[in-house]
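Worksheet for the structure shown next.
The values are calculated or read from the model by the stated rules, or taken from the named source; none is laboratory data. Since the model is a prediction, treat every value here as computed from it, not as a measurement. So basically every Cβ, Gly included, is an ideal-geometry build from the backbone, and we count neighbours across all protein chains shown. Please note that ligands, DNA and RNA were not included when accessible areas were found on the heavy atoms of the full protein model with its side chains. Shrake-Rupley method; radii C 1.70, N 1.55, O 1.52, S 1.80 Å.
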Amino acid sequence: MTAIRNIVILTGAGISAESGLRTFRAEDGLWEDHRVEDVATPHAFRRDPELVQRFYDLRRENVLAAQPNPAHQALARLDREWPGELLIVTQNIDDLHERAGAQRVLHMHGEALSAWCTACDARHHWTGTLLDSPPCPACGAAALRPDIVWFGEMPYEMERIFAALARADLFVSIGTSGAVYPAAGFVQQAAGHGARTLELNLERSLGSSMFDETRLGPASEIVPAWVEEVLR
Ligand code: APR
């Protein structure tokens, strides 16, 4: 087996579930209470900006109230101690990876604690609300939207992700259902470049059959165990 030097880790809502942040497609998932078409598309924002802003204001509040769990802490340790290349590509909009201390993190679907001005294109660290149409700190326009990649929009930094997948010796997917592309296709890309692939999830995902290995269990247990193994 080739020595592992470059690692790409994809994380999804499941890694933050034990921090009290709801996933999307579970029985009590966010998409049970809200239709994607009402809160997570550019069209929805044009049609009913208040509904969308209220939805993300509440998610921002929940993110601020949440704490990293042992899975986030284990990946932060890996980030500190791994001598090779490492990139944590997260689909999550929470900042729990960073609050646990991880630095090599990329948010492909945006961030809850960021507001994007559609008038001047500036982005601002944001912990308050947007429902009340606050002015953009840079240009003053009341044109701030959540800095989130909605359905139908292009995820962030795809070139950087593809480049990392092309160099990866190991691709690990944690807490994601494999229901949403392009993230759900990363396993095939990594495998196509010769990487070993590992899934760590509570239950088998839609893409499980594409992984060399699948380990099932709560992220707070199976992620620290895997990191211990890799750093041994
Ligand atoms: N530990 C490990 N895995 C877990 C845990 C846990 N404690 N709890 C849930 N999971 C797993 C579930 O089994 C499921 O496979 O996490 C996955 C969560 O899946 P989704 O709710 O579909 O979330 P995710 O895959 O991140 O969604 C992808 O879809 O709605 C869009 O943009 C949104 O980024 C999101 C994308």
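Numerical summary
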read-out	value
Long-range HN-HN contacts of Leu86 with modeled amide H, under 5 Å	Ile7
Whole-number accessible area per residue in Å² for the chain, which is evaluated in the context of all protein chains at 1.4 Å	48
Sequence ranges 172-180, 33-41, ranked by mean other-Cβ count within 10 angstrom, highest first	172-180, 33-41
Stretchable slack from Val36 to Gln67, in nm (0.36 nm times residue separation minus alpha-carbon distance)	8.5 nm
Rounded percent of accessible protein surface that carbon and sulfur make up, segment 164-232, 1.4 Å probe	49
Simple spin-label estimate for Glu229 and Tyr156 in nanometres, 7 Å along Cα-Cβ	3.1
For the chain: rounded, prolate or oblate by the Cα gyration tensor [a/c cutoff 1.5]	prolate
Distance between modelled label sites at Arg204 and Leu216, nm, 7 Å Cα→Cβ extension	0.8
Residues of segment 1-28 with amide N under 19 Å of a point placed 7 Å along Cα→Cβ from Leu106	5-13
Residue-span extension gain [Arg99 to Arg80] - 0.36 nm each, minus C-alpha spacing	5.5 nm
Calculated [θ] (222 nm, deg cm²/dmol) that DSSP helices of n ≥ 4 give over the chain, each run adding -39,500 (n - 2.57)	-9000 deg cm²/dmol
